[in-house]
Amino acid sequence: MVVSLCGIAAAIAVLVVVTALALGLSSTATVEGDNVDYWIVPETGDVASTPLPSEGPRLGSTHDIAFELQRNDRIAYITPVAIEPIQLTSATSGNETYVLALGVLPADQQQSVVGADVSQLNATYPHYANGSYNGVWTGELLASPAAAAQLDVDAGETLRTGQANQSFTVQDVTDSEVTVGVSQVPVVITHLAELQTLAGLADGDLADQILVATNDDTVRETLTGVYPNTEVVTRAGLGQIDPTPTSLPFAMALTAGITSLGIGALFVATMMGLELNASRQRLAVLSAIGFSRLSISLVLVAETVTVAVLGGVIGTGLGLGCVVGLNAGLAEMIGLPAVAVLDSVLVVYGIVTAAVVGLLATGYPLYIARRTTVLEELTQ
Amino acid sequence: MGAAADRSERSLVTCDDITRMYQQNESRFSRGGGNTVTAIEDISLSIDTAEVVGIAGPSGSGKSTLMHILAALDTPTSGTIEFGGTDIAALSDRERTKFRMETVGLVFQRFYLLQSLSARGNVALPLVERGVSRRERRQRAETMLERVGLDDRVDHRPRSLSGGEQQRVAVARALVTDPALIVADEPTGELDTETGKRVLDALIETTEDRAVVIASHDRRALDRTDRVIELLDGGRRE
């Protein structure tokens with residue numbers, strides 16, 4: 001019984017840890033606005049691609065395309081989004097950190113991108129200067145709470161970059177965070193053209209995706225074909241597409257689930273079967289004193305499922321402990337933010353899986369019970 | 001036939017010409033194939049309510065086989081065994097299990113208590129299948145343990161009880177459903193004289209409204225019975 005408990009606990013603990021890792025990997029942030037309805041993204045990526053810039057393809061001539069599409073009355077707001085990690089230093093506190101910079105076009109009216117109102121940016125957008133990128137450097141920047149906290153800055157304070165004439169001033173600290181898994185990502189939002197200049201994306205006018213806000217679903221046809229080798233993704237479609245660029249997290253979770261079910265069921269069945277085999281007399285006694293075959297079967301099923309669920313509870317606790325330890329260890333050793341997600345759904349998942357393991361494992365004990373002959377056992 | 005019918009009307013259990021054969025070289029209890037061994041042959045007997053019957057005989061005489069048939073754990077190859085007008089031999093496995101639950105109390109030489117349960121739990125076990133409420137099971141089990149002198153051992157596991165105490169728990173388990181027939185196979189076989197006497201007391205004191213059949217090698221146990229049926233080589237010794 002103890003061995004069965006330990007076996008199922010180990011299987012469920014591994015399941016919980018791997019699933020938590022898979023959840024962590026799949027919980028990548030999206031660059032989205034509250035009113036954004038379409039995303040134009042390279043085919044090799046999607047709107048849910050990692051917030052860190054990939055080395056994959058980027059979109060070119062994004063200003064021209066955006067300005068062209070902006071003339072369409074059905075489009076309320078359109079902006080290319082360049083995503084680039086940059087190093088910023090607070091002129092006040094001296095704090096220095098890498099943040100994720102998003103370059104966007106300012107909006108005429110309130111428009112949210114990753115929780116920041118981009119209408120706070122200077123709508124004249126001077127630095128672009130018709131594509132010359134030599135207009136006035138505004139240095140306007142909206143900081144997420146995590147970015148502001150790490151840099152120890154507030155609105156009005158100055159942030160320096162590596163370039164002497166390209167510093168930023170915090171316009172506002174937004175209310176909402178961008179999270180990856182359970183960790184908050186320090187994000188700043190600035191003018192697209194200024195980020196392009198800073199990050200070397202001005203040549204070719206590169207950006208990672210284009211966000212489009214509209215109330216007219218016929219806009220999609222207009223957007224399709226704007227760029228070759230891109231796809232237009234809708235908000236409604238988000239729920240239907242893989243939330244990550246690859247299927248790795250899903251594959252991990254699926255493999256962990258199947259492995260836990262398979263190994264768990266085989267292990268519990270074998271151990272319960274062996275234990276039962278060693279105590280066939282117990283079954284014979286139950287039968288001798290009048291327990292029906294059905295009642296004995298129910299006793300065995302209840303016993304097996306109870307052992308499995310108890311093991312599942314222990315395993316889930318162990319797994320969650322391992323997740324906490326893993327996250328803490330990685331943070332301590334290499335400064336990595338939480339890679340595995342702690343979620344209450346893991347508790348339910350672990351215990352339900354254990355119960356299924358228990359049910360799957362009942363076959364062998366029931367087979368042994370069926371083959372047990374009362375007289376053979378009681379006359380040995 | 002007329003004599004048998006007459007006997008059946010008066011008796012709790014009536015066996016007529018029961019024979020039990022086993023096939024050798026296969027599972028002892030499987031039928032078909034191998035050499036045939038006759039464990040008991042053409043045994044007829046009747047047992048009345050309130051009667052204590054001893055079954056005696058040397059090893060291999062067929063005592064245990066006869067006890068198993070009386071307890072409805074086994075069926076004869078031929079012959080009939082009637083209990084209250086019902087031929088037990090004709091019942092299906094399922095029906096015989098139900099019959100045992102309702103009618104028979106079993107006491108084995110090796111006690112066969114469940115080690116994971118307390119004395120109370122073991123005694124209450126047959127009541128579980130009868131659908132008796134938890135509270136009543138507990139109450140009846142404790143009453144029965146008190147009756148066999150183990151009221152101070154109700155929470156003890158079998159391992160912490162002596163052999164005599166374990167056998168008295170087994171007797172209490174056999175009596176708790178108030179069966180019409182108690183079948184006790186060598187109930188004192190593993191006990192010393194004094195302990196064996198206490199176990200027999202517990203068994204025999206309860207025979208007012210039931211029959212007790214005791215198979216034993218122990219002459220002192222057989223002396224406590226109303227009559228003894230002697231077996232030899234599978235048949236009744238004349």
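The values are calculated or read from the model by the stated rules, or taken from the named source; none is laboratory data. Just so it is clear, the structure is predicted and the values come from calculations on it, not from any experiment. All Cβ positions, even for glycine, are placed from backbone atoms using ideal geometry, and neighbour counts span all protein chains on display. The area values use the complete protein model at the heavy-atom level, side chains included, leaving out ligands, DNA and RNA. Shrake-Rupley method; radii C 1.70, N 1.55, O 1.52, S 1.80 Å.
Assuming R0 = 22 Å, what is the FRET efficiency of A:Ser93 and A:Ala164, from their Cβ-Cβ distance, to the nearest 0.05?
Calculated transfer efficiency: 0.70.
Go from 0 up to the bin containing the longest alpha carbon distance in segment A:252-320, width 5 Å each, and give me the % of pairs per bin.
3, 14, 18, 23, 15, 11, 8, 5, 2, 1
I'm a student and want to see the number: the projected area of the Cα convex hull of chain B, averaged over all directions, in nm².
Averaging across all directions leaves 13.3 nm² for the Cα convex hull.
Output the relative contact order of segment B:102-238, whole-number percent, from Cα pairs under 8 angstrom with separation of 6+ residues.
Here the relative contact order equals 29 percent.
Between 0 and 90 degrees, rounded to the nearest ten: what's the tilt of helix A:248-278 against the longest Cα principal axis of chain A?
10
Express the relative contact order of chain A as a whole percentage, based on alpha carbon pairs under 8 Å and six or more residues apart in sequence.
Taking the mean separation of contacting Cα pairs over the length of chain A, I get 28 percent.
Relative to the longest principal axis of chain A, what angle (0 to 90°, nearest 10) does the C-alpha long axis of helix A:2-26 take?
The answer is roughly 10 degrees.
With each pseudo-label sitting 7 Å past Cα toward Cβ, what's the B:Glu205-B:Val228 distance in nm, one decimal?
2.5
By average Cβ neighbour count within 10 Å, what is the ranking of A:151-160, B:84-93, A:95-104, A:75-84 from highest down?
Output ranking for A:151-160, B:84-93, A:95-104, A:75-84: A:75-84, A:95-104, A:151-160, B:84-93.
What ³J(HN,Hα) values, in whole Hz, does the Karplus curve 6.51 cos²θ - 1.76 cosθ + 1.60 give for segment B:144-151 when θ = phi - 60°, with x put for Gly and Pro?
Karplus-based 3J(HN,Hα) across segment B:144-151 equals 5, 5, 5, 5, 9, x, 10, 5 Hz.
Quantify how strongly other chains surround peptide A:294-301 by giving the mean number of their Cβ atoms within 10 Å of each of its Cβ atoms.
Average neighbour count from other chains, rounded to a whole number: 1.
Would you work out the relative contact order for segment B:2-231, in percent, from Cα pairs under 8 angstrom that are 6 or more residues apart?
Worked out over segment B:2-231, it gives 26 percent.
What list of whole percents do you get for P(r) of chain A, with Cα-Cα distances grouped in 20 Å bins up to the one holding the largest distance?
Final binned percentages: 25, 39, 22, 12, 3, 0.
In Å², and per residue, what accessible area does the protein assembly as shown have when probed at 1.4 Å with the other protein chains present?
In whole numbers, the protein assembly as shown has 45 Å² accessible per residue.
Take the Cβ-Cβ distance between A:Arg74 and A:Ala355 as r, set R0 to 45 Å, and report the resulting FRET efficiency rounded to the nearest 0.05.
0.30
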